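The structure under discussion appears below in the form of structure tokens.
The values are calculated or read from the model by the stated rules, or taken from the named source; none is laboratory data. Quick caveat: nothing in here was measured; it's all calculated off a predicted structure. Glycine also receives a Cβ, built like all others from the backbone with ideal geometry; neighbour counts cover every protein chain displayed.
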Amino acid sequence: MEKKILKTNRFFKKIILSFILLFFSTALFAENDFIKSQIRQGELKLYFSSDIERVTYFSIPTKEGVTKYVYDIHGATLPLEKGISHHSFRNIESFKIGQNSSTKLRMVIQSKQKFKENHTFVGKVLTIPLIHEKNGNLQKSNEIRRSKKQYIVVIDAGHGGRDAGASKDDIKEKQVVLSVAKKLKKQLQRRGYMVYMTRDDDKFVNLPNRTEFANKKKANIFISIHANAAPTKQVANIFKGIEVYYLSPARTERAKKAAEKENAVMLEGKDFYIKNEYLSLLNREKIVESHKLGLDVRGNMLSNVRSAYNNVEDGGVKTANFWVLVGAQMPAILVETGYITHPQESQNLVESKYQYLLAKGIAQGIEHYLGNKHY
């Protein structure tokens, strides 16, 4: 009898311990609470208490012709008495949300329409488009596309011609960034934007002429695309990551080195520090908007690339004095797509899939930024 009691006590102790472990694992590893959801202008938006860590996506077709579109929000939790609002939307059969695991929240949309994998998350908000072209929504899609034609984007592929930029073995920055720029142009044109490129082949363009071109086109956005390089071979394995810069006095040594590298052609035979002081006086009114654009581009770019490539480091959004951004009369950023001197990143940068994901992320970031603007 005593043995049975002991076994029973041990059994209950195990159950209690399991609940305690589950509680603490939830508390320690998933502290980003779901706040609310809403549908506006054909988009479902999910709001959280903290920045979204990562979102993965897949779909499950059924025999009845209904597809389940599944979005896993990693590091998120569903607080007690919190749930998705009772939304209704044409061609959508149901919206559901639940705690899939202690560190993952699952959002499921059931619909007969064909969804595209073009969700975005920036900061604390996950956005899922509910309107797609291939299901009787062409009219609404065309209206959105027409409204975008008012926006002009100028893409600047860094370096070119006699200026190869950074290099490693046979990999040259000027070639990599031109390939990314062309893919970005296609992505933006599909979204309905008017797009121009400062160069579309291997030619040299002076840095001041690049923003002058954007100004003449009356662009709303200027994006300069580059690939970074470690300062020495000794640290080539250490320096890595995607970085976004906007024009302002550089705050870190790493940012100063990046600016010095990209400014090299303009600063030949000139005092860098004198030029640095001059650069810091320009475009004060565009700093805030360029920062916002940089945050949107960085968030979407990382989420796209990380969906297929592991260990892609977030270098953040930083300030630095880049000559190529001087004189831009619109929000302007410089994107460092990775370190061409890093063993793994150099291989990623020459892959067409990696370039496509970079371009897709940049395009989504631009779209999100412009979607919140009123020109």
Filter segment 205-226 for residues that are farther than 11 Å from Leu325 by Cβ and basic (Lys, Arg) and give the result. Lys216, Lys217, Lys218
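So that you can scan it fast, the table gives a plain yes or no per residue for (1) modelled with pLDDT of 95 or more; (2) surrounded by 18 or more Cβ atoms within 10 Å (Cβ to Cβ); (3) over 18 Å from the mean Cα position of the chain (by Cα):
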{"site": "Val195", "(1), (2), (3)": "yes, yes, yes"}
{"site": "Lys217", "(1), (2), (3)": "no, no, yes"}
{"site": "Phe222", "(1), (2), (3)": "yes, yes, no"}
{"site": "Arg251", "(1), (2), (3)": "no, no, yes"}
{"site": "Ala255", "(1), (2), (3)": "no, yes, yes"}
Just a yes or no: is a residue in segment 293-308 touching a helix residue (DSSP H, G or I) at 6+ places or on another chain (Cβ under 8 Å), surrounded by fewer than 24 Cβ atoms within 10 Å (Cβ to Cβ) and assigned to a loop (DSSP other than H, G, I, E, B)? yes
Unmet criterion (only one of (1) in contact with an Asp or Glu (Cβ under 9 Å, 6 or more places away or on another chain); (2) farther than 26 Å from Gln329 by Cβ) for Ile171: (1)
Out of everything in segment 53-72 that is surrounded by 14 or more Cβ atoms within 10 Å (Cβ to Cβ) and of a type in the set (A, V, I, L, M, F, W, C), what residue ends up being farthest from Leu302 (Cα to Cα)? Val66
Which of the residues spanning segment 315-349 are surrounded by 24 or more Cβ atoms within 10 Å (Cβ to Cβ) and at pLDDT below 90? Ala320, Asn321, Phe322, Val324, Leu325, Ala328
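Okay, residues lined up against (1) without any contact (Cβ under 8 Å) to a residue 24 or more places away in the chain; (2) under 14 Å from Ala181 (Cα atoms):
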residue: Asn310; (1), (2): yes, no
residue: Val317; (1), (2): no, no
residue: Val335; (1), (2): no, yes
residue: Pro343; (1), (2): no, no
residue: Leu358; (1), (2): no, yes
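Okay, residues lined up against (1) polar (S, T, N, Q); (2) in contact (Cβ under 8 Å) with a residue 24 or more places away in the chain; (3) not in a helix (DSSP H, G or I):
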residue: Gln150; (1), (2), (3): yes, yes, yes
residue: Val177; (1), (2), (3): no, yes, no
residue: Lys186; (1), (2), (3): no, yes, no
residue: Lys203; (1), (2), (3): no, yes, yes
residue: Arg210; (1), (2), (3): no, yes, no
residue: Ile223; (1), (2), (3): no, yes, yes
residue: Ala227; (1), (2), (3): no, yes, yes
residue: Ala230; (1), (2), (3): no, yes, yes
